[in-house]
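What follows is a short report on a single structure.
The values are calculated or read from the model by the stated rules, or taken from the named source; none is laboratory data. Keep in mind the model is a prediction, meaning the values are calculated, not measured. Quick reminder, even Gly has a Cβ in these numbers, built from the backbone with ideal geometry, and neighbours come from all protein chains shown.
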Amino acid sequence: MPANAARRFRVAAVQTVAGPVLARNLAVAEELVGDAADQGARLVALPEWFCFIGGSDRDKLALAERDGDGEIQTALARMAARHRVWLIGGTLPLATAHAERVRNGCLVFDEAGRRVARYDKIHLFGLDLETEKFQESHTIEPGTTPVAIDSPFGRIGLSVCYDVRFPELYRALGPVDIIAVPSAFTVPTGQAHWETLVRARAIENLAWVIAPAQGGRHPTGRVTYGHSMIVDPWGKVLASLTEGPGVVVAEIDPTYKEKVRAALPALDHRVL
């Protein structure tokens, strides 16, 4: 871990209620990242699909950007540099070799606006309830590689939404200091499982979790669960936001994580 990671710092989870107008979504994200920076956050995370939620799953295909080039990627780099924050850029549609499918990509930018990481969502959501049905594999190509990066704040493990249900992913990443989970949970699954899953990932990995989410009724009529939160390595929810656009901020003391791991060395006790 970098030497300066021992200093306290503030992190933020941004909550949005994205719609089908890209420019509006980017403007909202810019404002909220600025709000987070004004509150002292040095690491800021946007939610899954912060840039666009359309009326159908196929709508996002028209916004697919080539890796390293596009309006959304340019906007993320600009936000990071303008506000001098490390920015976990939620997710955006990245082009694949197949016109009918995209990658659900999470990009990370440093405080100078340089891209330092890309993670493509590995686990694709499927749900078949009477009230809601989703099958991401129809329009999304899954990623294949877990990604964790070193940063001034310690080692950050990247994941997206449905990934949070698969603890083996985080074991493959670990040990990490911070886990990011940009999300857009449905209301039924969110009410039943969201907080439990986010806190479980913090507890079992003895790591901080930053979980920004989509939260509210979208212009297209879709409703997402929200409850963006930041959780400490003991599983305590430090800050949360039920619904609507906004920012939750919490202070991270890296020495606290070390104390927890020393008192409860579960990571050292692993057998399998």
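See the values below:
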item: Matching residues in the range 246-272 - criterion: being of a type in the set (Asp, Glu) and in a loop (DSSP other than H, G, I, E, B); result: Asp253, Asp268
item: Condition broken by Val102, with the remaining ones in (1) under 27 Å from Asp35 (Cα atoms); (2) of a type in the set (A, V, I, L, M, F, W, C); (3) crowded, with 19+ Cβ neighbours inside 10 Å satisfied; result: (1)
item: Segments classed as strands (runs of 3 or more DSSP E), wholly inside the range 107-189, with at least 3 members that are modelled with pLDDT of 95 or more; result: 115-120, 148-151, 154-158, 178-180
item: Checklist (1) in contact (Cβ under 8 Å) with a residue 60 or more places away in the chain; (2) touching a Leu at 6+ places or on another chain (Cβ under 6 Å) applied to Pro233, failing item; result: (1)
item: First in the range 46-66 and free of Cβ contacts under 8 Å to residues at least 40 places away in the same chain, second anywhere and of a type in the set (A, V, I, L, M, F, W, C) and in a loop (DSSP other than H, G, I, E, B), Cβ under 9 Å, 6 or more apart; result: Asp59/Phe52; Asp59/Ile53; Ala64/Ala99
item: Candidates Ile72, Ile53, filtered to the one that is at pLDDT 95 or above and in contact with a Lys or Arg (Cβ under 9 Å, 6 or more places away or on another chain); result: Ile53
item: Residue in the range 240-263 that is farther than 30 Å from Glu132 by Cβ, in contact with a Leu (Cβ under 6 Å, 6 or more places away or on another chain), hydrophobic (A, V, I, L, M, F, W, C) and at pLDDT 95 or above present; result: yes
